[in-house]
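Report on one structure; see the data block that follows.
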Amino acid sequence: MNYAMSGFNTRNLDRLGNQVRVSMKVDEDGYFGRECPVQECLGYFKVTAGTGIQGPAPCHCPYCGHSGDNNTFWTQEQLEYAKSVGLRQFTDALQSDLKSMEFEHRPRGGFGIGISMKFKPGAPVPIRHYKEKALETEVVCDHCTLRYAIYGVFGWCPDCGVHNSLQILGKNLELARKQLVLAESVEKELASHLVGDALENVVSAFDGFGREACAAKGIDIQFQNLAGARRRVQDSFQADFGDALTPDEWSSVCRVFQKRHLLAHKMGVVDEDYLKKANDPGAVIGRKVDVSSQEVTAVIVIIETLGKRLFDAILGPKP
Ligand SMILES: [Zn+2]
Ligand SMILES: [Zn+2]
């Protein structure tokens, strides 16, 4: 018998070309997962495409600060998904091509030989679907307007690379302001509690912000004791964040920080340590320290100034 096999029909494979386009989906909140390619980091975060810098821009890891091409920030799950979709498209095309080559020659006459080829498709390649993870803090960058989500609170903006610590400080100071407004409309005891609480929040917000800004540069400084922090920042960064204030402002912000220490650790009762450090002539040992809404309001303004100064010195754009 003379039988010539016709050429392999690759119509469907050809249509695929040498690349497969896989479109990635966003999660229910419009976020798209990203993963830092640095082996020691592999930090996971999410961004909303199109909300930040327009046009091509490198991607910044919010955790370690690594920056690189967007195409290097795929998550492992996204890559598995893309691979499986590509493989499925390839095998589907291959199967269609093979199917189109099916043939059957029936035997002729009494002793003819029949020959046929039937294609039995195997199980289709499974698509490796994935789900983006839930994260802890959502941020809209006040520098480039990118909407992104991270673990923890602090980090670099994935689009513009500006650290969000000053922005988070501003948000916390805003909350403290709201507490002070609320205090005006409630009875005295609760009001004084709210004012004290607002003060504690201002100090912890500044402490969290300052520590984080320094930690971003690998230096560990606490900011609950302002005078000590000022010296340490001078030593480590050759920058004085206190020089934006008048001596009176500086001494009043230090006093208010000492008041916070009493509230947090001594139920607000004045002790010797406070008298030594706070420069507060009205204070009497054994009596409760006086914290007014006005002085907390004034300190919020001062902290905004100090925060900006510290941020520019440590994380601001290089001159
Ligand atoms: Zn990283
Ligand atoms: Zn940004």
> Which is aliphatic (A, V, I, L, M), within 16 Å of ligand 2 (Cβ to nearest atom) and either assigned to a loop (DSSP other than H, G, I, E, B) or open to solvent by 30 Å² or more (accessible area, probe 1.4 Å) (or both), of L182, L166?
Replying inline: L166
>> Here are the criteria: (1) more than 16 Å from ligand 2 (Cβ to nearest atom); (2) farther than 23 Å from S23 by Cα; (3) surrounded by 15 or more Cβ atoms within 10 Å (Cβ to Cβ). Tell me which single one V85 does not satisfy.
In response: (2)
> Limited to the stretch 107-157, what total is found for residues that are under 26 Å from G55 (Cα atoms), touching a strand residue (DSSP E or B) at 6+ places or on another chain (Cβ under 6 Å) and open to solvent by 40 Å² or more (accessible area, probe 1.4 Å)?
Replying inline: 4
> Looking only at residues in the stretch 39-55 that are loosely packed, with under 15 Cβ neighbours inside 10 Å and within 15 Å of ligand 2 (Cβ to nearest atom), which one is nearest to the chain's Cα centre (by Cα)?
Replying inline: A49
> In the stretch 218-252, what residues are within 16 Å of A205 (Cα to Cα), assigned to a helix (DSSP H, G or I) and either at pLDDT below 95 or touching a strand residue (DSSP E or B) at 6+ places or on another chain (Cβ under 9 Å) (or both)?
Replying inline: L226
>> Every residue in the stretch 116-153 that is within 14 Å of ligand 2 (Cβ to nearest atom) and in a loop (DSSP other than H, G, I, E, B), please.
In response: C141, D142, H143, C144, T145, L146
> Within the stretch 185-235, how many residues turn out to be of a type in the set (S, T, Y) and surrounded by 14 or more Cβ atoms within 10 Å (Cβ to Cβ)?
Replying inline: 2
> So how many residues does the stretch 292-319 have that are among the hydrophobic types (A, V, I, L, M, F, W, C), open to solvent by 10 Å² or more (accessible area, probe 1.4 Å) and part of a helix (DSSP H, G or I)?
Replying inline: 5
>> Being polar (S, T, N, Q) and either within 16 Å of ligand 1 (Cβ to nearest atom) or within 20 Å of E132 (Cα to Cα) (or both) is the filter here; which residues of the stretch 13-45 pass it?
In response: S23, Q39
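The values are calculated or read from the model by the stated rules, or taken from the named source; none is laboratory data. Since this is a predicted model, take the numbers as computed values, not measurements. Reconstructed Cβ throughout: ideal geometry from the backbone, glycine too, with neighbour counts over all protein chains shown. Protein only, heavy atoms only, side chains kept; ligands, DNA and RNA dropped before computing areas. Shrake-Rupley method; radii C 1.70, N 1.55, O 1.52, S 1.80 Å.
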